[in-house]
Number of protein chains: 4
Amino acid sequence: MKKMLRSAVIGTGFSAMAHLETLKRIPGVEAAAIVSRSYEKAASIASEYRLAYAYSSVDDLLANPEIDVIHNCTPNSLHYELNKKILLAGKHVLSEKPLALNSEQSAELLEIAKSSNLVHGVCFNYRHYPMVEEARVRITEQLSGKPNLISGGYLQDWCLYDSDYSWRMDPELNGQSRAIADIGSHWCDTVQHLLGQRITRVMADLAIIHPTRKKPLESAGSTFTNESTQPIESVKIESEDAGNVLVQFEDGTKGMFNVSQVTAGKKNNLHFTISLADGTLEWDQEEPNRLWIGKRNEANQLLMKDPALLSNTASDYAHFPGGHQEGWPDCLKNLMLSFYKKIKHLDQESYFATFEDGHYNMKIVDAILRSNSEERWMDV
Amino acid sequence: MKKMLRSAVIGTGFSAMAHLETLKRIPGVEAAAIVSRSYEKAASIASEYRLAYAYSSVDDLLANPEIDVIHNCTPNSLHYELNKKILLAGKHVLSEKPLALNSEQSAELLEIAKSSNLVHGVCFNYRHYPMVEEARVRITEQLSGKPNLISGGYLQDWCLYDSDYSWRMDPELNGQSRAIADIGSHWCDTVQHLLGQRITRVMADLAIIHPTRKKPLESAGSTFTNESTQPIESVKIESEDAGNVLVQFEDGTKGMFNVSQVTAGKKNNLHFTISLADGTLEWDQEEPNRLWIGKRNEANQLLMKDPALLSNTASDYAHFPGGHQEGWPDCLKNLMLSFYKKIKHLDQESYFATFEDGHYNMKIVDAILRSNSEERWMDV
Amino acid sequence: MKKMLRSAVIGTGFSAMAHLETLKRIPGVEAAAIVSRSYEKAASIASEYRLAYAYSSVDDLLANPEIDVIHNCTPNSLHYELNKKILLAGKHVLSEKPLALNSEQSAELLEIAKSSNLVHGVCFNYRHYPMVEEARVRITEQLSGKPNLISGGYLQDWCLYDSDYSWRMDPELNGQSRAIADIGSHWCDTVQHLLGQRITRVMADLAIIHPTRKKPLESAGSTFTNESTQPIESVKIESEDAGNVLVQFEDGTKGMFNVSQVTAGKKNNLHFTISLADGTLEWDQEEPNRLWIGKRNEANQLLMKDPALLSNTASDYAHFPGGHQEGWPDCLKNLMLSFYKKIKHLDQESYFATFEDGHYNMKIVDAILRSNSEERWMDV
Amino acid sequence: MKKMLRSAVIGTGFSAMAHLETLKRIPGVEAAAIVSRSYEKAASIASEYRLAYAYSSVDDLLANPEIDVIHNCTPNSLHYELNKKILLAGKHVLSEKPLALNSEQSAELLEIAKSSNLVHGVCFNYRHYPMVEEARVRITEQLSGKPNLISGGYLQDWCLYDSDYSWRMDPELNGQSRAIADIGSHWCDTVQHLLGQRITRVMADLAIIHPTRKKPLESAGSTFTNESTQPIESVKIESEDAGNVLVQFEDGTKGMFNVSQVTAGKKNNLHFTISLADGTLEWDQEEPNRLWIGKRNEANQLLMKDPALLSNTASDYAHFPGGHQEGWPDCLKNLMLSFYKKIKHLDQESYFATFEDGHYNMKIVDAILRSNSEERWMDV
């Protein structure tokens, strides 16, 4: 009988619970352990989800020889330290993004990862929507020729008011950059993956819309939540709420994108428009099941997520028939299916973001911050 | 510690596998058993999904006292017999629709169900989209007043060509009605649930677009698949491909809907437009995360699935933040969350379709068939 | 030099002013006269629009030998009498719909028209959108085969509240039917034109949502306006606000449509979905520049109004390049271009609705009213 | 009786004919003259459109004292010379854009215009869509607070292939910049008008996708047409096909836009997203009748062009009831209505682009070209 892989999740927040639920959907993988600072919380989750182990210590988890894979779903400030520990303990690792707090840390992690024979991934999940994969295949196979121009952005509204506060606004917990690092990095990863090319030059103009924000005194609040009735203090904000970036890719292709966490009504609006020599591909994460295909001399197309109509690898990401829409949880499932397939078949081509991608994306963020402060083009 | 409910799935087709995967996502429930005609297949699935039991006999399953709940995901022709067995074995049951092959059978099942204290459900899943629940709440709470007019339909294209064939075209396996029973019943269930009113009168005009179809000699093919290179025989088709129906509800409200399995490009297009005294609610299953709200004296609205913006019960169905779209698998998850919540808290209000609804929907199908053949209004 | 045709408009309401402005856009045609009950009003309009003549009497207008063509834009109750006079005076006529108040009158008009060699048209304008014409060509040329099923409707909201009142609610001024005659007739005309087939059987279920309405004492108000601060009287309403209709076409094709003037947020929502043997055509008058083309085995298409992408006759209706959207006024312009082209070239094929179509559409309305009251299928 | 203004159009191309047709729609204005190099052509158009005069010489036209207003619809290279002549002849002028070939010329024109008491306008028509005006009012009246971030672009596809050629690719006829000057200037004008603020700094990255193009030997071809069967020569292209631009406004608000004439399927896609303190306004010229209004704490809105739902000045631009869509020709009509209203009532506020705006937009184009070549931020 085929060996069942046994996996653990570190963390119990939004992301950790999404990982845990998704793990349960992956055939051939056992969700086996959870770690929380509070043993009680870990035990309760373990009971509800029928996990074999509950821990309050990462070291204890890593000492368990039965655990093969670790999902690092901790706050950003712990990513570096834990990713390092996990790799050194000889476990495969799927880390939430960013890989670390700065690119020196991520460079070190990449070194360790490369010198191991472990599988390492970073949760740039948007690659794994069926329609994004379909776009990638069409670009890679040059179905519409070379790219002419790229544009897009990633817009949200959860920081719209100065009464919105989260730990992500604290550089010590989140890193120096906010909108660019949190969401801009997703856009860069997705588009680089689509084009099979890296962004090598950037020119940025970032904005802090609220130079001070009202921080609740008691708790830093969680992302995507705004508790308005608590006592607050005014804190200075030094990370960007929004920004505009010109980019150039390896082969000279030009593009631009913007990020915003202050655009009312856009909740998670990652979108791109890729002009190719003989067609345009346009996609919006808020309508994830369709790909708009622009044509010059014939009708434009709306390709819907339908395994019968997609390319092979995209079709593999479409688990239900046409018209049975899939969403964000299924995109995460596709990421995990790719990640675990790689663990089982190390020699197969895979499409998830590795620590190499995670490190490069951190370097892009660094270059964007520098470009913004020096007001000039910056090489990544 | 809270008792974990233990569940079994009968069947291994599309619907059964969707149930199994979804069961893994329900906290507090153990997916514990699977039944297939082939023990090998059952054992293989049990291994991949870590189920405690694999069976090749429903009777053996029902004899297992550790199993609390049965998901009946068998072909239509087995629904009646198995639903009856399950209830008589004292297990809770969630049956795929239709409840039985005709309304005499479903009436009997309803009698048995009512005289038990078991929880019984039928998979009219479309009730469980967050935006459908939001529409229900707004109608129930009369936020825009009483209904003026209802319309909509359920359109697919998998029977478009006469080379499309499936067991669903065989009345012995599927029942007499196809498009009305398979998809029209979903429309009727969803809209009745939304209005809190039953359809009491119908006037139908049905159509068989392909009076003969090419049936593969070797296998009946599975729904949603068309294998075109096999030897075929021509078979006469007696179930409707499409149809138009006028309906009247308990309180006299008038409506119409159509069904079609021959409308190219519509894959699973269940949609409704409900005109109310002071607003209109419009929804399309192929864009499930949005509800269009029409207004006379102000801008129309596009309400997106966002737990922060929805009513309480609809918000419970939205598991991820705004912009993180959910889809068909999550709708099925919501159905199961409702169903298992009812088992754990028998006294709580629940919104899933029971055998009572399942039986009534079969009576509507009967009335539609009769109306069509007699060319006159028919009471349900 | 080519003879310039000289045209007159009878009326000064919404429709008359739209005709007048459109006439100014037609090369080779001189907008030459206007008739109003008030000579002052006629003279003022003639001055603003540089018309040669202003009249307060239709008879005076008809006595002017220089006038070739009359646009009858009077209230419904005058259509019959004036259309008859115009024809008997030997002038070409373009009449607002309905052709008359009942089908006896329209039959008489048709007789007179046929025995003349005058050009006669009725303003069923929706035929003349480029994307509607494109759909017609594709159906006529059987690009996607024969029709399987038709559906659609025509929804508005200007009668939503019982405080909405207009002369159209008075059967003496408007005729017996309101929603069906006013807007349902447009749907029937458009779809019959598209299919090149008549509706021969109907089964209707109509609804009066507000059995009484509040009529302003001083003025009947104009359509599309609601003045709320005037003294009112309660009047009984006997014409339908909404309704659902099953239809059958000459060749047996089945369809359904609904009409409503009480559907909030739908302003002028004439739409249709035509399922054909190998493709679906869907259009919505509120997004008139696009035609959705559904496909089974490839991506669906969104064909935009673009002369470079349309069939010949549709391309003639698209006066501006792709992306330069045209609208309702341009649709009326296309109707007039067709109508005047026919006058200049009597032998050419034309696509506007003649008195023959206008009369047949009145018979459909009659059949729908009868079907509704007798609750059975009715031949047209 | 009120004096009728008498107007002339110079030119007979696409733009000239659009002006002429639109002039016929403006009450109180007489389309009185046309100028073509070919007198025959002028005479033929004058006859079809019932114009009093036909000319083959601009000087002859300008010598006619009955003509009050001149529409300059000539190729770009003639704009400066003719605009100057027109002003010096004491006629009001509405010039097609760009105002001149460079900003020295446009500065001179502005000086002349300011020292006259003539009305001067430039055809930045997109300001005049009802939904754009609605957006302007909402921003000006601070209905959703101050702007946070701006983005958008203007995408077309008529230069997609290297076999596409037009006089616009010849710097001597079109000026140095193509995509930025032709369409980018429209974006800049529209957004500046919306915000009531000028773009004061730019940072650009432009692209020539086809460094050589195939020019037909016989004729330069007309814009938007591609005749492919003619003998061709290869010509070097020095004007940009596409480009990305960061912008900053007077008050420091940041934005970005791109232009492209090589984006397949986008025909005339001018669009913007304006993030404000408490709402977002998004509009797309290819769906001109709707304005998307994003909200943080309630449903997003889709405001449709409907005089009953718009602000006063926007409502004046909506000539037909809700659901009766208007388009590009009506937008041009609104521009002319504004322009002629100004001539009749010099003291009234007006919203069309004057020579001052036209000159400033040329300076933006200059700054963008310089920024691109020097790879740095440039003040306008």
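Throughout, read-outs are computed from the coordinates displayed, never taken from laboratory work. Quantities reported herein were computed from a predicted structural model and do not represent experimental measurements. All Cβ positions, even for glycine, are placed from backbone atoms using ideal geometry, and neighbour counts span all protein chains on display.
If you put a point 7 Å past Cα along the Cβ direction, how far is that point for A:Asp278 from the same point in each other copy, in nm, smallest first?
Result, one decimal in nm: 2.3, 5.3, 5.7.
List, in the order given, every pair from A:Lys3/B:Lys24; B:Lys84/B:Lys363; A:Lys3/A:Lys97; A:Lys305/B:Lys266; A:Lys3/A:Lys341; D:Lys24/D:Lys344 whose Cα-Cα distance in the structure shown is over 23 Å. It would help to have the intermediate numbers written out before the result.
Working: A:Lys3/B:Lys24 20 Å; B:Lys84/B:Lys363 19 Å; A:Lys3/A:Lys97 29 Å; A:Lys305/B:Lys266 12 Å; A:Lys3/A:Lys341 13 Å; D:Lys24/D:Lys344 17 Å.
Listed pairs above 23 Å: A:Lys3/A:Lys97.
Select from D:His210, D:Val262, D:His186 the residue farthest towards the positive end of the dipole of segment D:167-285; place +1 on Cβ of Lys and Arg, -1 on Cβ of Asp and Glu, and compute about the Cα centre.
D:His210
For q values of 0.09, 0.19, 0.22 Å⁻¹, compute log₁₀ I(q)/I(0) with the Debye formula on a Cα-only model of segment B:5-125, without solvent.
-0.21, -0.97, -1.30
Starting from the Kirkwood Rh over alpha-carbon pairs, what translational D in µm² s⁻¹ does segment A:73-151 have by Stokes-Einstein at 4 °C and 1.567 mPa s?
Working: Rh = 14.6 Å.
Rounded to a whole number, D works out at 89 µm²/s.
Whole Å is fine, so just give me how far the alpha carbon centre of segment A:92-123 lies from that of segment D:311-328.
57 Å
Going by average Cβ density within 10 Å per residue, which order do the peptides B:373-380, C:63-70, C:87-94 take, highest to lowest?
On the way: B:373-380: 14.1, C:63-70: 17.8, C:87-94: 20.0.
Per-residue mean Cβ counts within 10 Å order the peptides as C:87-94, C:63-70, B:373-380.
In which sequence would D:Trp187, C:Trp158 go, from the one with the fewest C-beta neighbours within 10 Å to the one with the most? Mind dumping the intermediate values first?
Numbers: D:Trp187 25, C:Trp158 21.
Ranking D:Trp187, C:Trp158 by Cβ neighbours within 10 Å, fewest first, gives C:Trp158, D:Trp187.
Please report, largest first and rounded to whole Å, the three semi-axes of the ellipsoid equivalent to the protein assembly as shown, where each semi-axis is the square root of five times an eigenvalue of the C-alpha gyration tensor.
That gives 55, 44, 27 Å for the three semi-axes.
Between C:Ser115 and B:Ser56, how many nm apart are label points set 7 Å from Cα along the C-beta direction?
8.8 nm
Between A:Arg376 and D:Glu250, what FRET efficiency follows from the Cβ-Cβ distance if R0 is 25 Å, with the result rounded to 0.05?
Details: r = 23 Å, r/R0 = 0.92.
Efficiency, from the Cβ-Cβ distance: 0.65.
If a/c stays under 1.5 just call it rounded; otherwise compare a/b with b/c (prolate if a/b is bigger, oblate if not). Do that for segment C:194-353, with a ≥ b ≥ c from the square roots of the Cα gyration tensor eigenvalues. Walk me through the numbers on the way to the answer.
On the way: a/c = 1.91, a/b = 1.51, b/c = 1.26.
Cα axes put segment C:194-353 in the prolate bin.
With only alpha-carbon atoms counted, please give the Rg and Dmax of segment B:308-380, in Å.
17.8, 51
Using only atoms on other chains, find how many Cβ atoms lie within 10 Å of each Cβ of peptide A:198-206 and report the average.
Details: counts 0, 0, 0, 1, 0, 8, 2, 9, 1.
Average per residue, whole number: 2.
Straight-line reach from A:Lys214: which lysines have a Cα under 20 Å away, not including same-chain ones fewer than 8 places off?
Of all the lysines, those that pass the test against A:Lys214 - Cα under 20 Å, at least 8 places apart if same chain - are A:Lys236, D:Lys146.
Based on Cβ point charges of +1 for Lys and Arg and -1 for Asp and Glu, what charge dipole magnitude is obtained for the protein assembly as shown about its Cα centre, in debye rounded to the nearest 20? Intermediate values should be presented prior to the final figure.
Values: 156 positive and 200 negative charges, 0 e Å.
In debye, rounded to 20, the protein assembly as shown gives about 0.
Under 1.5 on a/c is rounded, so check that first for segment D:16-80, then, if it is not, pick prolate when a/b is larger than b/c and oblate when it is not; a ≥ b ≥ c are the square roots of the alpha carbon gyration tensor eigenvalues.
Numbers: a/c = 1.30, a/b = 1.21, b/c = 1.08.
Taking the square roots of the gyration eigenvalues as a ≥ b ≥ c, segment D:16-80 is rounded.
Label-point separation (nm) for D:Glu298 and B:Ile232, each offset 7 Å from Cα along Cα-to-Cβ?
5.5 nm
Hey, fewest Cβ within 10 Å first, where do A:Ser260, D:Ser106 land in order? Let's see the in-between values first.
Details: A:Ser260 31, D:Ser106 26.
Lowest count first: D:Ser106, A:Ser260.
Measure out, as a whole number of angstrom, how far apart the alpha-carbon centroids of segment D:127-189 and segment D:1-68 sit.
Here the two parts' Cα centres lie 28 Å apart.
Relative to the Cα centre, what is the charge dipole magnitude of chain C, using +1 at the beta carbon of each Lys and Arg, -1 at the beta carbon of each Asp and Glu, and rounding to the nearest 20 debye? Intermediate results must be reported in sequence, preceding the final value.
Numbers: 39 positive and 50 negative charges, 138 e Å.
Its charge dipole is roughly 660 debye.
Note the distances from A:Ser47 to each other copy's matching label point, with points 7 Å along the Cα-to-beta-carbon direction, in nm, sorted shortest first.
3.4, 9.0, 9.6
Per-residue HN-Hα couplings for segment B:171-180, Karplus 6.51 cos²θ - 1.76 cosθ + 1.60 at θ = phi - 60°, whole Hz, x for Gly and Pro?
Rounded to whole hertz, the list is x, 5, 8, 10, x, 5, 9, 10, 4, 5.
From other protein chains only, count the Cβ atoms within 10 Å of every residue's Cβ in A:314-325, then give the mean.
Working: counts 0, 0, 0, 0, 0, 5, 8, 9, 10, 13, 13, 15.
Across A:314-325, the average partner-chain Cβ count within 10 Å equals 6.
If you put +1 on each Lys and Arg Cβ and -1 on each Asp and Glu Cβ, how big is the dipole of segment C:5-125 around its Cα centre, in Debye rounded to 20? Let's see the in-between values first.
Working: 11 positive and 13 negative charges, 45 e Å.
Using only the charged Cβ atoms, the result is roughly 220 debye.
What percentages, rounded to whole numbers, describe P(r) for chain B computed over all alpha carbon pairs with 10 Å bin width beginning at zero?
Calculated P(r), rounded to whole percents: 5, 23, 32, 27, 11, 2, 0.
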